[in-house]
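Every read-out reported here was derived from the displayed coordinates using simple, explicitly stated rules and does not represent laboratory data. Owing to the predicted nature of the structure, the values given are computational and were not obtained by experimental measurement. Here Cβ is always computed from backbone atoms with ideal geometry, including for glycine, and neighbour counts include all displayed protein chains.
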Amino acid sequence: MTCTINGKTVETMVDVRASLTDMLRNDYHLTSVKKGCEVGECGACNVIIDGECYNSCIYLAVWADGRDIRTLEGLMGPGGELSDIQQAFIDEAAVQCGFCTPGFIMSAVEILESGREYTR
């Protein structure tokens, strides 16, 4: 399969049973994609695929063929500097233990980039 991960086109062989979480962590060492509940409930594994957030633990890696995937690592600047949303989470102490923070940030990025206005 071929896809784009954080702006880089990659081609790889994947087990048809492998989750996107497993592929991103094991094959590409993107450790911001956390294994939490592994049933799509906690959001620790959130990634943005073609502009929309998905729980990568229940998204098969083969489904990502031809897709554009972004992880937390893809938000950093060319020199490794934090994105504005990452810095905002730090500035506002918007973390607990930090395990699920990458998923929260990716969800926030999707909301901000959607251009939609949300109400309570």
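Scanning segment 20-44 for residues that are crowded, with 17+ Cβ neighbours inside 10 Å and either basic (Lys, Arg) or closer than 10 Å to Asn55 by Cα (or both) yields a count of 8.
Gln86 satisfies every condition listed in (1) farther than 18 Å from Asn6 by Cα; (2) touching a helix residue (DSSP H, G or I) at 6+ places or on another chain (Cβ under 8 Å) except (1).
Among the residues making up segment 21-42, those that are farther than 21 Å from Gln96 by Cβ, in contact (Cβ under 8 Å) with a residue 12 or more places away in the chain and not aliphatic (A, V, I, L, M) are Asp22, Asp27, Tyr28. With respect to (1) surrounded by fewer than 14 Cβ atoms within 10 Å (Cβ to Cβ); (2) closer than 18 Å to Lys34 by Cα; (3) of a type in the set (Phe, Trp, Tyr), the lone exception for Tyr54 is condition (1). Taking Phe99 as the residue in question, decide whether it is outside any helix (DSSP H, G or I), touching a residue at least 60 places away in the same chain (Cβ under 8 Å) and farther than 22 Å from Met1 by Cβ. Here the answer is yes, as Phe99 does meet what is asked.
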